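Below: one structure, written as structure tokens.
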């Protein structure tokens, strides 16, 4: 397989890869430019790469139909090009795109059947724990039971208690910020974030809802 340049390519740039792809098919990994989730895998030749750059719509070479096909040409679920990168060995493309609708032809967000949600690593895991504890609190309330979990106890005490805890932790963060003990400052910051995540869910929201508001402000 022909080697390709390691240059990172933006859609507005002319690509040096087209000529080097003559007669070759290379895998193209498609990644959501925002969520960073992998959406699908396709294959490109020189013509597909050129059309992708010209139209800003991700286009592949279909091995079964032996022709070019633009993702979304029938469904309308296009992949709008953001960037193209070539890997260190010069034989695989990483393409970031903004998907319009689901990517999989079966209607799923990705070709692996997973949802294309924004993830925040450990914080997302923590949000799931909080969500489960909130469900436990609702179940306990319906059965007249009490759970020993701290998170459950907060949900059972209601929004006023949760908001009060956020306020208390915020004050602690301010106090520690004016001191020189970094360990205490970080611990109080962790407490504040933890209780804020609980407050968000008590109000019916999650961290991603706040992120979306920040994105709107950026515009």
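Annotations for the structure displayed:
- The residues of region 185-219 that are out of contact with any helix residue (DSSP H, G or I) (no Cβ under 6 Å at 6 or more places or on another chain) and more than 23 Å from residue 125 (Cβ to Cβ), listed by number, are 216, 217, 218, 219.
- Within region 74-86, the set of residues being in contact with a strand residue (DSSP E or B) (Cβ under 8 Å, 6 or more places away or on another chain), surrounded by fewer than 19 Cβ atoms within 10 Å (Cβ to Cβ) and free of Cβ contacts under 8 Å to residues at least 24 places away in the same chain is empty.
- Residues of region 102-121 include at least one that is in contact (Cβ under 8 Å) with a residue 12 or more places away in the chain and farther than 22 Å from residue 36 by Cβ.
- Only residues that are surrounded by 16 or more Cβ atoms within 10 Å (Cβ to Cβ) and not in a helix (DSSP H, G or I) were counted in region 185-213, giving 1.
- Tallying residues that are within 31 Å of the chain's Cα centre (by Cα) and surrounded by 12 or more Cβ atoms within 10 Å (Cβ to Cβ) within region 168-184 yields 3.
- Any hit, region 110-122, residues being outside any loop (DSSP other than H, G, I, E, B) and within 30 Å of residue 204 (Cβ to Cβ): yes
- Among the residues of region 150-184, just one is more than 16 Å from residue 197 (Cα to Cα), in a loop (DSSP other than H, G, I, E, B) and in contact with a helix residue (DSSP H, G or I) (Cβ under 9 Å, 6 or more places away or on another chain), namely 179.
- Just one of the listed residues (71, 65) is outside the structural domain of residue 193 (by TED's automatic domain parsing), crowded, with 17+ Cβ neighbours inside 10 Å and under 26 Å from residue 24 (Cα atoms), and it is 71.
The values are calculated or read from the model by the stated rules, or taken from the named source; none is laboratory data. The structure displayed is predicted, hence computed values, not measured ones. Don't worry about glycine lacking a Cβ; one is built from the backbone with ideal geometry, like all the others, and counts go over all protein chains shown.
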